[in-house]
Amino acid sequence: MLRQNPAYRPGGSHLSTRLAAVLLLATGACSAPIPRQSPTPTESPVPAATPTVPNSWVLARDLLAREYRVEQTAEISIATDSGTSTETSTLVVAASVRSTADGGVSGLVRSASVRAAGATEVGFPGVVLPLVFSGTPPSRGSQHQLTGRNVPADPCQSPSHAVLRSIRDLFVSLPDTLRLGTTWADSGQSDSCRGGARLIGSTTRRFSVRSYEVHDGRPQLLVDHQSTFRLRGTATRRGDTTVVDGLGSGSGELTIDANTGAVVSITASASLEISVRGAVRMERAQQLLRTRILRPDR
């Protein structure tokens, strides 16, 4: 006969119920959702503002005088029957220039000095300072022709012509309105002297507006320029006629003020091949020219 377990009591199922409730509460506590932490908001970087590039620039020219410093370094290699020699010299000029109301230019050269390689810088021989100059309004497509006060027209009679030639790149006849890609050209004549021979030089310059930038809050246009030039001349000494012929080209960058068209800076380089032929001898020369023009206040 089966005997009932003495530990069993009818109605004892309420213990199991309480245990189940405790387990349910415990289980429920363990499975309660854990509060989620909201991510700390981060600020997205603000993209840099892209400067607006105007479609065109209408130049408002002024008559203010501006100061410039010109550094022009020439390296000349001369080949003769006896060998080749090379000379290097640097011309440094400080000048004040401005436009005139009629479209011409005027100004003065305050200082001019020359420095040969390995030598001390000295004043440019034979140049009387200040050197006052002017240029009449050029015709369309022509360059300004500079003349110095009390300077002879023949470049072989005054070294002042060499100083005035060093600042000719400052004078560019700009179109009234410029756009990116605008191109124009000009041409002109500039005489010089070499070995007592008066040389007639012709130059053609071509310009193209390449880009726009703002530098120190000032709007500027960067202009590419290329040039070609030719020299020709003759000289007669002791019955011997010497013929000089030269051909060259150059390129560089011109930075102008986008509001006024005033030159801010110029960098350029050029090369020139020259032949000198006489009845007795012949020489060939190569000249490399590097030019840098800056505004001291920039």
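Quick note: the coordinates plus some simple rules give every number you see, no bench work behind them. Every value quoted in this text rests on a predicted model; they were computed, and no experiment measured them. Every residue, glycine as well, gets a Cβ built from its backbone with ideal geometry; the counts of neighbours run over all protein chains shown.
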Quiz item: Which value in nm describes the separation of the simple spin-label points at N55 and E67, placed 7 Å from the Cα toward the beta carbon?
Solution: 4.1 nm
Practice problem: Largest first and in whole Å, give the semi-axes of region 57-294's equivalent ellipsoid, each being the square root of 5 times a Cα gyration tensor eigenvalue. | Solution: 33, 19, 18
Quiz item: Measuring from the lowest to the highest alpha carbon on each principal axis, how far does region 153-298 reach, largest first, in angstroms?
Solution: 62, 27, 24
Quiz item: Which length gain, in nm to one decimal place, applies between T177 and E87 when the Cα-Cα distance is subtracted from 0.36 nm times their residue separation?
Solution: 28.1 nm
Practice problem: Order the peptides 118-127, 150-159, 186-195 from the highest to the lowest mean number of other Cβ atoms within 10 Å of their residues. | Solution: 186-195, 150-159, 118-127
